[in-house]
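Okay, so here's the structure we're looking at.
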Amino acid sequence: MAEKNSADNGSAEKGSVEKGSVEKGRVLWVHAHPDDASLGHALVRSGAARLRESGTHVAISDLYAMNWNPVLSDTDFGATQGRTLSERQKNATATGLLADDIRREQDALRAADHLVVSFPLWWYGMPAILKGWFDRVFTNGFAFGVRDEHGRVRKYGDGGLAGRTMLAVVTAGDRAAALGPRGISGSIDHVLWPLLHGTGFYTGMRVLRPHLVASADRLDEEAFLREERRLHDRLDGLSSDPGIPYRPLRGGEYDREHVLVDHVCPGEYGPDVHTASASGRSRRVQRHEYRQCAGVQDQAQ
C-alpha cells in the first residue's frame with residue numbers, strides 16, 4: 001500500500017494536494033500497531049486525510065507494515081570505526097554510512113515540520129518496535145550530540161531537531177480519568193515523560209500535550225466520530241499549539257549539575273516542576289489541560 005512507508009509514498013502524497021493549493025507544512029507520521037483493523041490505524045487514515053485536505057504533505061511510516069528492525073547494533077554503521085558504539089554511530093552519521101533504512105527515516109524527518117507519533121499504550125509505554133525506531137533513527141550527531149557555536153552540547157530545549165513539533169497520539173484501554181491528574185495510572189503527561197521530555201524536548205522539538213484516546217477497545221460508532229473530531233482539532237492546531245512549557249536547560253533555572261536552582265519551586269518535586277508554569281498552575285488549570293488532551297468530558301467513566 002502506498003502510504004505504508006515514508007520513503008515510498010512521497011510522490012503519492014504530493015499528488016494528493018489539489019492543484020493550485022499551497023502546501024501548509026510537512027508531517028512525518030510514525031505509527032506502531034500490528035493490527036490493520038485497529039482504532040489506531042483508523043485514526044491514522046482519518047488524520048492523514050484531514051491534513052492532506054488542508055494542503056499539508058504527509059509521509060507515513062507504518063512500522064509493522066515496513067517490518068522495521070527495532071534492534072540497534074553495529075550493523076547499522078557499516079565499516080565505521082570508533083572506540084564505543086555511540087562514537088561509531090556518530091561517525092557513521094557524519095560520513096553517510098548509516099544503514100539505508102535509517103537514512104530514509106532521517107531524510108523524512110529532516111523534511112518534516114511536525115512529527116506525529118501514534119501507538120497503543122502497552123505496559124505504560126510504547127511498543128518495542130517504536131522504541132527501536134527512536135533508538136536507531138535518533139542518532140548521535142543527528143538528533144543529539146550536536147554542539148552550538150560555543151561548543152556546548154545542544155539539549156533540553158535545543159538540539160538536532162529544533163524547529164519541529166512533536167505530537168503523540170496514544171490509544172489506551174483504560175478510562176480517561178485513570179490517566180488523569182489523580183488517576184491510579186498517573187497523568188498521561190507523567191506516564192509519557194520519557195518520550196515527551198526525555199526524547200522530544202531533549203532533541204529540541206516543541207512538544208505538544210499528548211492526545212489520549214481512552215477506552216479504546218470500547219468505542220461505539222458515535223464515540224469514534226467524537227474521537228475523530230477531537231483528533232482533527234489537534235491536527236488543525238499543530239502549528240499554533242504552544243506546547244508544554246518545559247524549562248530549557250540554558251534558561252538560567254538549572255545549576256551546573258542540571259538541577260533546578262533553589263528559588264525555583266522550592267520544596268516541590270516531580271515532572272511538573274520542570275514546566276515554566278509549574279508554580280502558578282492551579283488544580284483547575286491542570287484539570288483543564290488534562291481534559292484538552294484526553295477529551296474526558298466525552299468518555300464514559
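Hey, Ala177 hits all of (1) in contact with a helix residue (DSSP H, G or I) (Cβ under 7 Å, 6 or more places away or on another chain); (2) open to solvent by 30 Å² or more (accessible area, probe 1.4 Å); (3) modelled with pLDDT of 95 or more but one; which does it fall short on?
In the conditions (1) in contact with a helix residue (DSSP H, G or I) (Cβ under 7 Å, 6 or more places away or on another chain); (2) open to solvent by 30 Å² or more (accessible area, probe 1.4 Å); (3) modelled with pLDDT of 95 or more, Ala177 misses (3) alone.
This table checks each residue for (1) modelled with pLDDT under 90; (2) more than 17 Å from Gly157 (Cβ to Cβ); (3) surrounded by 17 or more Cβ atoms within 10 Å (Cβ to Cβ); (4) out of contact with any Asp or Glu (no Cβ under 9 Å at 6 or more places or on another chain).
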| position | (1), (2), (3), (4) |
| --- | --- |
| Asp236 | no, yes, no, yes |
| Ile244 | no, no, yes, no |
| Leu249 | no, no, yes, no |
| Cys265 | no, yes, yes, no |
| Gly270 | no, yes, no, yes |
| Arg281 | yes, yes, no, no |
| Arg287 | yes, yes, no, yes |
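Looking at Thr139, Thr84 in this structure, which one is hydroxyl-bearing (Ser, Thr, Tyr) and under 18 Å from Tyr202 (Cα atoms)?
That would be Thr139, the only listed residue that is hydroxyl-bearing (Ser, Thr, Tyr) and under 18 Å from Tyr202 (Cα atoms).
Sort out which residues of the range 207-218 are crowded, with 22+ Cβ neighbours inside 10 Å and closer than 22 Å to Gly159 by Cβ, and write them in order of number.
Matches in the range 207-218: Val207, Leu208, Pro210.
Identify, by number, the condition in (1) closer than 26 Å to Arg209 by Cβ; (2) without any contact (Cβ under 8 Å) to a residue 24 or more places away in the chain; (3) touching a strand residue (DSSP E or B) at 6+ places or on another chain (Cβ under 8 Å) that Trp122 doesn't meet.
(3)
With the condition kept exactly as written, say whether any residue in the range 219-230 is open to solvent by less than 40 Å² (accessible area, probe 1.4 Å) and among the basic types (Lys, Arg).
Taking every residue of the range 219-230 in turn, at least one turns out to be open to solvent by less than 40 Å² (accessible area, probe 1.4 Å) and among the basic types (Lys, Arg).
Inspect the range 205-214 for any residue being assigned to a helix (DSSP H, G or I), of a type in the set (Lys, Arg) and out of contact with any helix residue (DSSP H, G or I) (no Cβ under 6 Å at 6 or more places or on another chain) and give the result as yes or no.
no
The values are calculated or read from the model by the stated rules, or taken from the named source; none is laboratory data. A quick note: this is a predicted structure, and the numbers were derived from the prediction, not measured. Here the Cβ is made from the backbone with ideal geometry for all residues, glycine too, and neighbour counts use every protein chain on show. The area values use the complete protein model at the heavy-atom level, side chains included, leaving out ligands, DNA and RNA. Shrake-Rupley method; radii C 1.70, N 1.55, O 1.52, S 1.80 Å.
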